[in-house]
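The values are calculated or read from the model by the stated rules, or taken from the named source; none is laboratory data. On a predicted model such as this, the values are computed, not experimentally measured, just so you know. In this analysis, Cβ positions are derived from the backbone assuming ideal geometry, glycine residues included, and neighbour counts consider all displayed protein chains.
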Amino acid sequence: MIAGKILKIWNSSPHEWISGLRRRLRGEKGWEWAYSLPGILVSRKHLNPTYLIDRWYRYWRVLERQSPYEHRDRFKFEGRSVLEVGCGPLLGWGPFILFRGAARFMFIEPWFRPDVLWSDEIEDLYLRPLYTELTANFGSELSPQRFCQLINDRSDPFGDAEGSADIILSNSVLEHIPREELPDLLQQCRAACSDDAVFIHAVDFGDHKGSDKGFGTMYDEPNRPRSNLNLLRKPEIEDCLVQAGFSVDRSVVYRRAHASPSHPDWNNYTMEDLQARVVLFVGRVNGGSCV
Ligand SMILES: C[S@@+](CC[C@H](N)C(=O)[O-])C[C@H]1O[C@@H](n2cnc3c(N)ncnc32)[C@H](O)[C@@H]1O
């Protein structure tokens, strides 16, 4: 354990471990996400009732464009327990997943605020339109009140329910976890898994700036974590997943962007990996023990 920590520090840059140490001394975990009600109310993204439903099916179209995924059935929500990592302020895919019959929705979201989710504004502007959208898409016997009750009854922050999650999901989260914290988070996910659990993680490797959705000047500069991006690339996310005890069946590059690296820190990557902007990682728990 201690040897592992020393190795981790040895392998990280001074910038990384100093900022990690500073955060720990201050008692902070990760980079901060403020989810206030006024902030959510002005964001078109959070209140869009079709966004997450469409995203789920779009990801699967992209993933299966070449060939069907052999374990796709294990991603059916009916009767299953689902864990979403970094679901955001309104439980991310949770309400959709519960509507589709999941037995339970668990989440790891350090900045979740129940008072925001259960405010009148969010019920009127998000949960009810989402209910209408879901009913139009899939039909339902549920009333809107029962839908809200279902979300309330069956969603929980992930605690210590080890071995309970059948499906693990995240969208645009793994790139935001500090490098030194990612192994712990993935090991927590691994411990949460049932024996035949599957996962899908969508990771955006871009610089998250501007509207061109590319890499900006990222590859002209040293590979140092910055403003809430860990700057890990596709092979490193795969390694982290494998180290935590998962098998990665597919890492499908969904979106690519132009990359012309000029800083030597990027020489260790293939051009294909540097151009991978959004990647969908899909796989299962590894039968072996958690590392
Ligand atoms: C870019 S947002 C993505 C939110 C949502 N999944 C979406 O697609 O809109 C990244 C999310 O990761 C969450 N996050 C940050 N650190 C985390 C951690 N250590 N564990 C779980 N989630 C974390 C943030 O609070 C934030 O909600």
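Odds and ends about this structure:
- In the range 199-208, the qualifying residues are those that are part of a loop (DSSP other than H, G, I, E, B) and surrounded by fewer than 24 Cβ atoms within 10 Å (Cβ to Cβ), and the one that is nearest to the ligand (Cβ to nearest atom) is His208.
- Taking the range 62-162 as the region of interest, the helices (runs of 4 or more DSSP H) fully inside it that hold 3 or more residues being away from the ligand (no atom under 16 Å from the Cβ) and over 28 Å from Arg284 (Cβ atoms) are 128-138, 144-154.
- Residues being within 9 Å of the ligand (Cβ to nearest atom) and touching a residue at least 12 places away in the same chain (Cβ under 8 Å) - total across the range 175-198: 8
- Applying the condition of being surrounded by 16 or more Cβ atoms within 10 Å (Cβ to Cβ) and not hydrophobic (A, V, I, L, M, F, W, C) to the range 222-235 and asking which residue is modelled with the lowest pLDDT yields Pro225.
- For the range 57-71, filtering for residues that are touching a residue at least 24 places away in the same chain (Cβ under 8 Å), farther than 15 Å from Asp204 by Cα and surrounded by 17 or more Cβ atoms within 10 Å (Cβ to Cβ) leaves 2.
- Selection status of Glu221, out of contact with any Phe, Trp or Tyr (no Cβ under 6 Å at 6 or more places or on another chain) and free of Cβ contacts under 8 Å to residues at least 40 places away in the same chain: no
- Looking only at the range 92-106, residues that are more than 19 Å from Gln188 (Cα to Cα), hydrophobic (A, V, I, L, M, F, W, C) and surrounded by 21 or more Cβ atoms within 10 Å (Cβ to Cβ) come to 6 in all.
- Cβ-Cβ under 6 Å pairs, at least 6 apart or on other chains, the range 31-48 side more than 30 Å from Arg179 (Cβ to Cβ), far side more than 8 Å from the ligand (Cβ to nearest atom) and in a helix (DSSP H, G or I): Leu37/Val116; Leu47/Leu125; Leu47/Tyr126
- Test for Val242: is it among the β-branched types (Val, Ile, Thr) and surrounded by fewer than 16 Cβ atoms within 10 Å (Cβ to Cβ): yes
- Within the range 163-174, the only residue that satisfies the criterion of being polar (S, T, N, Q) and away from the ligand (no atom under 16 Å from the Cβ) is Ser164.
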